[in-house]
1. Under 9 Å from the Cβ of CYS350, count the other residues' Cβ atoms, weight Lys and Arg +1, Asp and Glu -1, and hand me the total.
2. For ALA166, what charge total do you get from the other residues with a beta carbon under 14 Å from its beta carbon, if Lys and Arg give +1 and Asp and Glu give -1?
3. Have a look at the DSSP beta bridges in the chain and tell me what percent are antiparallel, nearest 5.
4. So for the pair ILE252, GLU341, with labels modelled 7 Å out along Cα→Cβ, what separation do we get in nm?
5. Tell me which label goes with the value of Cα extents along the principal axes in Å computed from the coordinates here: (1) 95, 48, 34; (2) 115, 45, 33; (3) 132, 53, 21.
6. How high is the relative contact order of the stretch 72-128? Use alpha-carbon pairs under 8 Å, at least six apart in sequence, and give a whole percent.
7. If you build a Gaussian network model of the chain, linking Cα atoms that sit under 10 Å apart, which residue out of LEU101, LEU345, LEU201 swings the most?
8. Can you give the FRET efficiency to the nearest 0.05 for LYS226 and ALA42, using r as the Cβ-Cβ distance and R₀ = 56 Å?
Amino acid sequence: MTEFLLRSFVKDAERIDDPQVRERYGMLSSLVGAFCNILLFAGKFLLGTLTNSIAIAADAFNNLSDVGSGMVTYIGFKLASKPADADHPFGHGRIEYLSGLLVSFLILMVGVEVGKGAIDKIFHPTPVEFSVVAIIGLLMSIAVKLWMGGFNRKLGRKINSAAMEATAVDSISDAVSTAATMISVIAAAFTDLPVDGVIGLIVAVLILKAGWGAAQDTLSPLLGQKADPELVENLEKHLLAYDGILGIHDLIVHDYGPGRRFASVHAEVPCHKDMLLSHDIIDTAEREVGAALNIELVIHMDPIETDDAATNIMRQLVSEKVKEIDPTFSIHDFRMVIGGELTNLIFDICVSQDTKLSDQEIKDEIQRKMKAVDPNCFTVVLVDHAYV
C-alpha cells in the first residue's frame, strides 16, 4: 500500500534531498493521516457518547488533534522547501524541525487535557455501558493506527525526517492508548470500580510520553547534535582515498535541515610536496566528496613533515604517550623544533567532549610523560574538543 501511494502521489520519489519532493512526502503523509484520523474521531466520538465512556471520548479527541498535527507537519514541509534567500542563505530547512517540535507540543497539550478529564472521572465516576460494537470499533481503530504508524515510519526513514518519525511514534502510542481504552470498556461489564477513569489516566500518560519523546527528537538537531557516525565514517573513507591526503581532523558538521548539511575539515598533506599540486588535490576532494555525500564541504590544508626520521619517531612516541592518558585522544599538526639543549614539541591534541580532564590537566600530564622520556623536552599543546 505504501509503495502504491508513493508511486501515485509523489513524483520523483527517489530524489529525497530535493525540497520539493520532501514537500510531496509531507503532503501525502498529512492527507492520509487527516483522512484516517477524521474517520477514527467520528467513530470513537459516537461510541464514547453511546457507552458514556470518558476513555473512548478522550481517545477520539486525541485522534482529532492528530488531524491538526498532520496539517502542521505539512505546513512545515511546505515552508522548509522554500529556497535560500538574502536573509536566509542556508535555506529554510530547519522549519521542518520546528514543525515537528510544534506537533510534539500539541501532543503534550492533548495529554494534559485527557489527564484532567480522567482524574475528574476517577473522583466522580459514571457508569460505562459495555458494548460489543464498541469493542469491534476499537479493534478496527487499533489496526488502522498500527498501519499509520508503519506508513509514517517508512516515509520518515526513507527521507530521514524527524517530523514524520514523531508522527509515526504518535500513531503507535495511539494504538496502545486505544488498547487500554478497550480494556476499560470490557472491565465495565465486570466491576463498578472507576476503571474507565484510571484507564483514561493511563492513556493520558502514554500521550504525554509520546509527546515528550517527539519533542526530544526534534529539539536535538535544533540545538546542534553530533554528526551522524555513518557520515563521519564516509567522509574519512572518501578523503583518505586521495593520494596526498595523509589524515584528517577538526571535522565540524552543521545541519540546516534535511539535505542541507555543511562541513569543514582539516586535511594533512606532505609539506615537501608541491603546494599547488596539494591544493589541486584538496579542491578536487571538496567537489567530488561533497557531491558524493550531498554536503557542502570546505577543506583546510595542513602541511606536515613526513620525510624527517627523527620527527616521525618522536611523533609516534608522543602519540603513544597521549593514548596512555586516554585511548580516544589523538594528535595532529605535529612539529619538532630543536634549539640548543631544548627540544620543542608543538602539536594539537583532539579530545572527546565527555572527557573528565580539564585542558590544563591534559597539558600537564603530557608534559610530565614527555619529561620522563627526555628532561630537555618541552611540549606546546593546543587542546581541540571533537565535535563528532
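Every read-out reported here was derived from the displayed coordinates using simple, explicitly stated rules and does not represent laboratory data. In this text the structure is predicted, and so the values were computed from the model without any measurement. Cβ sites come from the backbone with ideal geometry, for glycine too, and all protein chains shown count toward neighbours.
1. Values: positive: none; negative: ASP250, ASP348, ASP384.
With Lys, Arg at +1 and Asp, Glu at -1, the neighbours total -3.
2. Here the count lands on -3.
3. On the way: 15 of 33 bridges.
Taking every DSSP beta bridge with both residues in the chain, the antiparallel ones total about 45 percent.
4. 4.2 nm
5. (1)
6. Averaging sequence separation for qualifying contacts and normalising by length gives 30 percent for the stretch 72-128.
7. Sorting by GNM fluctuation, first place goes to LEU345.
8. Values: r = 45 Å, r/R0 = 0.79.
So the FRET efficiency works out to roughly 0.80.
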